[in-house]
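The values are calculated or read from the model by the stated rules, or taken from the named source; none is laboratory data. From a predicted model like this one, the values you see are computed outputs, not experimental measurements. Every residue, glycine among them, receives a Cβ derived from its backbone with ideal geometry; neighbour counts consider all protein chains shown.
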Amino acid sequence: MPSTMDCFDMPVDRYVKRFAAPIILMSFTFAAVMLLLFPDVFGEGIFRLVIYLIPLFGTLLTVAYPKMMVDKKRADINNNMHYFITHMGVLATSDLTLTGIFELLRKKKEEYGALADEISKIFLMVDTWHLSMSEACRFVGRRTPSLLLSDFLDRLAHAMDAGEAMDVFLTSEQEVVMKQYDVVYRGQLYQIELMKEMYLSMVMALIFMASFAIIMPLITGVDPAQMMMMTVFMFIFMETVLVFFVNTKTPHEKLWHTVNLETEREQKIKRTIPVAITGCLVMLILILLLQLDLPLQLKAAIVFTPLILIGHVIKKAEADIKRRDDNFASFIRSLGASAAARGGIVDVALKDLRAHDFGALTQDVNNLYQRLAIRVNKMRSWYHFAAETGSSLIQRFSDMFIESIDVGGKADSAGNIISNNFIHIMGLRTQRYQTGSSLVGVMYGLTAGVAVTLYLSLGIVGTMQDLFSSTSLPQEVVGGMLQETLDPTILNVLLLVILVGHSFASAIMIKLVEGGSLKGATLHFVIMMWIGAMSSVLTLKGTASMIGGFGAMEGIT
């Protein structure tokens, strides 16, 4: 594998002169200026440590930045590799040369990102510097951060040197690359399972720490406010870190289309958002005006409840998109075979296919034919088709198919390649959806566990305070107990912050694993808020009935 700087697309000396050296110099200068101007502030205590860490942070940033960019580039290439091979395969069914195929693909920066840049390098070496295609492929392959692309370019160069027909080679490569993608994708799903176990362990440790922070000030006399604030900070910080960690490990693939057209589906979601937010404000105002005698947790759950409307609408829309995805493979295969029998004329093939039932995709197929029949711009017609389905997969693969037909490709071969790879991708996505479904149950149960544990500790503290305050015991018996206590209302608010933060982080994590719009996380967030609220209320009531009254906790509502 090439070194990090080989893949960074910038010579080491230029990076040091233009970026690394100025950043390091500025960080040292800033630290020195702060020490000279404010010696009383930054000369001692925690601020002194902070000012000394600034140069260290600047140095570490300059060292880590190339690695971060190369890792990002590698992930971008790997995430698009299966689309790229499919696109090459369908274009190879035409009479285009490999140089012509690369010329088309290098312009698709929006679809292929860093992969388009790598292909552009190969094309420029061949077109401008007049290297042979095999030499250019090997040159780029030795310098790309992606092992998948490097291996493919090496096989491609060998096939060209051996004189193998490009359409035959690229057809055989479909299975090879899809198997490699399968291994990478399943590995990411396995990492999600590992992260789920890690998340459970981490939250259990945080729950123990929170319970310790609630009870120990009552016994040892440490500052309860400091303990609880530290606990809230640790809880939110660790959950935020885990969310970002999950985001780096989950497969980055889009469910929604990226066509610059807004359908009724998107418009409905846009209309729902202000309605839900207004509903939250109305609930908040009503609770403040009516002064309902409800626990704080239930009041918070009621205020957030209208947000469930956003999640419900998005969940329904995404289920509709998934149903269309399920029917696209059979549609594109049938369209390719029918168009091939009619000399590659897609319009006529679509007319005959209207008699077939493609499930949720049927109406979209009819709309596509009607646009083509009235001579609407062909590419715009297919863009509207992709937008109406709402699917990113359908958008990308239908673009490949119609582009292949435009350059004279074989419709039946292109349809088969797209259909087979589409089915493979859908199989992997189904496993991802199953992983997301199992994560939902775990997160819901964990939220209940968090609420029960935290509020059980709260109930025990209330009972102990009530017990010791109603019992006349000598000071030598009580010892260090009840030296410091935190106002029950403040304690309850801090626990609510933990509950809200945990519910929000868990909802985001679920949606990252499931895929789709992050706005859909509001559904899980509201459900977990109600689970936490009901669990906490029942726990406090149960503690009161089993252990006895806890007068000190009466202020929590």
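The set of residues in the range 494-511 that are surrounded by fewer than 22 Cβ atoms within 10 Å (Cβ to Cβ) and within 11 Å of the chain's Cα centre (by Cα) contains only Ile508.
Here Thr263 clears all of (1) among the hydroxyl-bearing types (Ser, Thr, Tyr); (2) closer than 30 Å to Tyr383 by Cβ; (3) under 16 Å from the mean Cα position of the chain (by Cα) except the condition numbered (3). Being at pLDDT below 70, of a type in the set (Gly, Ala, Ser) and assigned to a helix (DSSP H, G or I) holds for only one residue in Gly555, Gly549, Gly542, Gly520, and it is Gly555. When the residues of the range 354-363 are narrowed to those that are at pLDDT 85 or above and among the aliphatic types (A, V, I, L, M), which ends up surrounded by the fewest Cβ atoms within 10 Å (Cβ to Cβ)? Going through the qualifying residues, I end up with Ala360. Residue pairs whose Cβ atoms lie under 6 Å apart, separated by 6 or more positions or on different chains, with the first residue in the range 360-376 and within 12 Å of Glu388 (Cβ to Cβ) and the second among the charged types (D, E, K, R) and not in a loop (DSSP other than H, G, I, E, B), are Ala360/Arg323; Ala360/Arg324; Leu361/Arg324; Asp364/Glu388. Of all residues in the range 1-46, those being under 20 Å from Val70 (Cβ atoms), outside any helix (DSSP H, G or I) and at pLDDT 75 or above number 2. Each residue in the range 303-339 was checked for being aliphatic (A, V, I, L, M) and more than 28 Å from the chain's Cα centre (by Cα), and 4 pass.
The residues in the range 376-390 that are part of a helix (DSSP H, G or I) and of a type in the set (S, T, N, Q) can be counted, and the count is 2.
Residues checked against (1) in contact (Cβ under 8 Å) with a residue 60 or more places away in the chain; (2) over 30 Å from Phe422 (Cβ atoms):
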{"position": "Ile207", "(1), (2)": "yes, yes"}
{"position": "Phe237", "(1), (2)": "no, yes"}
{"position": "His257", "(1), (2)": "yes, no"}
{"position": "Thr272", "(1), (2)": "no, yes"}
{"position": "Ala276", "(1), (2)": "yes, yes"}
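Residue-by-condition table, conditions (1) more than 30 Å from Gln188 (Cβ to Cβ); (2) surrounded by 15 or more Cβ atoms within 10 Å (Cβ to Cβ):
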| site | (1), (2) |
| --- | --- |
| Val232 | yes, yes |
| Phe244 | no, no |
| Asn247 | no, no |
| Pro251 | no, yes |
| Thr258 | no, no |
| Arg265 | no, yes |
| Arg271 | yes, no |
| Leu281 | yes, no |
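Counting only residues that are aliphatic (A, V, I, L, M), under 30 Å from Thr522 (Cα atoms) and crowded, with 20+ Cβ neighbours inside 10 Å, the range 318-340 holds 1 of them.
Among the residues in the range 138-147, are any closer than 18 Å to Thr86 by Cα and of a type in the set (Lys, Arg)? No. Taking the numbered list (1) free of Cβ contacts under 8 Å to residues at least 40 places away in the same chain; (2) in the same structural domain as Phe84 (by TED's automatic domain parsing); (3) not in a loop (DSSP other than H, G, I, E, B) in turn, Leu131 passes all entries but (3). Of the residues making up the range 77-122, those that are surrounded by fewer than 23 Cβ atoms within 10 Å (Cβ to Cβ) and outside any helix (DSSP H, G or I) are Ser94, Asp95, Leu96, Thr97, Arg106, Lys107, Lys108, Gly113. Of all residues in the range 71-107, those that are among the small types (Gly, Ala, Ser) and modelled with pLDDT of 90 or more total 3.
The set of residues in the range 241-264 being part of a loop (DSSP other than H, G, I, E, B) and among the hydrophobic types (A, V, I, L, M, F, W, C) consists of Leu255, Val259, Leu261.
Consider the range 389-416 and keep the residues that are under 34 Å from the mean Cα position of the chain (by Cα), more than 16 Å from Val365 (Cβ to Cβ) and among the polar types (S, T, N, Q). The one that is surrounded by the most Cβ atoms within 10 Å (Cβ to Cβ) is Ser404.
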